[in-house]
1. Find all pairs meeting these conditions: Cβ atoms under 7 angstrom apart; at least six residues apart or on different chains; first residue within segment 386-408 and under 14 Å from SER437 (Cα atoms); second residue of a type in the set (D, E, K, R) and part of a helix (DSSP H, G or I).
2. Do we have SER437 as touching a residue at least 12 places away in the same chain (Cβ under 8 Å) and either surrounded by 18 or more Cβ atoms within 10 Å (Cβ to Cβ) or of a type in the set (Gly, Ala, Ser) (or both) here?
3. Checking SER368 against (1) modelled with pLDDT under 95; (2) among the polar types (S, T, N, Q); (3) open to solvent by 40 Å² or more (accessible area, probe 1.4 Å): exactly one of these is not met. Which one?
4. Can you name the residue in segment 107-121 that is aliphatic (A, V, I, L, M) and over 30 Å from the mean Cα position of the chain (by Cα) and, of all such residues, is modelled with the highest pLDDT?
5. Only one of VAL309, VAL267, VAL245, VAL274 is of a type outside the set (D, E, K, R) and within 19 Å of GLY502 (Cα to Cα). Can you tell me which?
6. For segment 233-251, which positions are part of a helix (DSSP H, G or I), of a type outside the set (D, E, K, R) and within 25 Å of ALA263 (Cβ to Cβ)?
7. Picking from THR370, THR292, which residue would you name as being touching a residue at least 60 places away in the same chain (Cβ under 8 Å), closer than 19 Å to GLY454 by Cα and of a type in the set (S, T, N, Q)?
8. Quickly run through segment 504-530 and pick out the residues that are open to solvent by 30 Å² or more (accessible area, probe 1.4 Å), touching a strand residue (DSSP E or B) at 6+ places or on another chain (Cβ under 8 Å) and in a loop (DSSP other than H, G, I, E, B).
Amino acid sequence: MSTPREPGAPGTGPGASTGSGPATPDAPFEETPWRRLDPRTLLVHCGWMAAPLGSLALTALATGGRINTEAWITLAAISASFAVLTTLGLIRWARTEFRITIPPRGAGAGGASPTFDVRSGLLTRRLRSVPLHRIRTVDLTATPVHRVLGVTVLRAGTAGSGDGSSELSLEALAVPEAERLRTELLAYADAEAVANDPVVARISWRWLRYAPLTFWVIGGVFVVAGGAYRALDGIGIEAWKLGFVQRAFTEFGASALWLTIPAALLVILALGSVGAVVLYVENWWSYCLEWTDSRTLRVRRGLLTTRAVTIERARLRGVVLREPLLLRAGGGALVRAVAGGLGNREENRKRSGLLPPAPRVEALRVASGTLRSPFPGSAAPAALTPHPRVALRRRRVRGLLFVVLPGTAVLAGLGAAFTPVLLHCAWIYALVTTALSLWLARDAYHNLGHGLDGPYLVARSGTFSRDTVALQRDAIAAWTFSTSPFTRRAGLVTLTAAVAAGDDGYRIPDLPATDAPGFATTAAPGILDEFLVHPGPAPVPGQRAR
């Protein structure tokens, strides 16, 4: 007969599972039952068939229902692959189990801690057991296929899982089961009361005006066009040979280019703006940033693909206030977290977003709410330590050498060889790009700055994307000093703070070489002590040095 749980013990309360949940405190390890994934996992793995079957359907439609031998071979290969992969998926589902093990209290427990166990493996069996106190984040992600089937993917990030190698993933669980399991995994988090309003930010659809002020307003159109071209090419349709495409290019070239080119740019901007708004809505639908308890920050968002990312406060190393050029011109910004346990670089990019493009005032408020203190980068750029004027000269020279000179030389060479019209294009290009490069160089220089604000290192740089990072000084693990022949001649050095979170390193470019060691030592004492040479006592006048 098992002993009843004490009030407040882990596994009790509204979020705890029953029947197949963790064992009672006095139950032995082997009595904790194993749980399996949802059987609908097999249907999720069939989603890969959509692309080849869709290609066959388009081919049959384009050919009037006539399917050649190659298409029949493809269909047979798909059928064989489906049979093999379904069998493997069935075996994998049958051999994947998980449980939460709570050791018994008493003299025989030996100080063991509760663990999350996952047993899997197709041919080679693998058992992974992670103490619950090491779990940092628990994320639920559901693609449209998952949502149709009513399942989701649970990923538990642990300490040291920055590259994703220590991440535990279960695909797929029924949504209620996944919610219960997340509650169980986070049951050992500190549940003390938080501020009266733990919600840091919610979506405001007035922010949609910032959606077109991103890369996707132009780049997204070409990405979609490239994807459509590859899809058509994959089913044997050459887009450039289609009649309406050829007629469009012919009419475009025969028209007045001074009218058609601006019109084409306006069409691209309109399509890109619509696509950017749609993407914004899909990514940030039902967005909410909140502290679920005093140690756990959670971001929920998504329309078709839902995402719920939790970040433990102990793994939060700072925030980045990002202001891309167009967004900055519109008075907007976005916020990203500098946190460990969010996966590799690609996963970190997807999971570190704390705020979509929004007013800069809102971004500063969210950054402060995330840090639970005023954001150190909220001051004007002039409040940070400026960099020497030689940094401005380097940016001007780079713009002239890598942007102005190559394009001007190419246009001038083509003009001398073929037509004088290109010679006029060369000097016009030189004037426009010179003015633009000098303006961007000046903007990039004024954005440079660094400083210390209490427990934070603050660094600002960039022009196409001005990033202000507020980084906890005690999170800095190492310093990197980078120079080149040109920077050494200019007396500059690039200082990089290495941290086990975010992008793994944050640069402070073009610091004075004489000031960089002192700044690094002040920001993170103890790291550079063995590399510093301290001056000895001053020699006595008239005494020969030994």
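1. LEU392/ARG442
2. Working: touching a residue at least 12 places away in the same chain (Cβ under 8 Å): yes; either surrounded by 18 or more Cβ atoms within 10 Å (Cβ to Cβ) or of a type in the set (Gly, Ala, Ser) (or both): yes.
So SER437 fits the description; yes.
3. Checking SER368 against (1) modelled with pLDDT under 95; (2) among the polar types (S, T, N, Q); (3) open to solvent by 40 Å² or more (accessible area, probe 1.4 Å), the one that fails is (3).
4. Pass one, segment 107-121, residues aliphatic (A, V, I, L, M): 107, 109, 112, 118.
Right, trim to over 30 Å from the mean Cα position of the chain (by Cα) and you get 107, 109, 112.
On the way: ALA107: 43, ALA109: 47, ALA112: 66.
Per the stated criteria, the residue is ALA112.
5. Working: VAL267 fails: within 19 Å of GLY502 (Cα to Cα); VAL245 fails: within 19 Å of GLY502 (Cα to Cα); VAL274 fails: within 19 Å of GLY502 (Cα to Cα).
Of VAL309, VAL267, VAL245, VAL274, the one residue that is of a type outside the set (D, E, K, R) and within 19 Å of GLY502 (Cα to Cα) is VAL309.
6. Narrowing segment 233-251 to residues part of a helix (DSSP H, G or I): 233-234, 239-241, 243-251.
From what is left, the residues that are of a type outside the set (D, E, K, R) are 234, 239-240, 243-246, 248-250.
Residues satisfying the conditions are ALA239, TRP240, GLY243, PHE244, VAL245, GLN246, ALA248, PHE249, THR250.
7. Details: THR292 fails: closer than 19 Å to GLY454 by Cα.
One residue alone meets the criteria, THR370.
8. Selection gives ASP504, ALA513, ILE527.
The values are calculated or read from the model by the stated rules, or taken from the named source; none is laboratory data. No experiment lies behind these values; they were computed from the predicted model shown. Cβ: placed from backbone, ideal geometry, glycine included. Neighbour counts: every protein chain shown. For the accessible areas, the whole protein counts, side chains as well, though only heavy atoms, and no ligand, DNA or RNA atoms are used. Shrake-Rupley method; radii C 1.70, N 1.55, O 1.52, S 1.80 Å.
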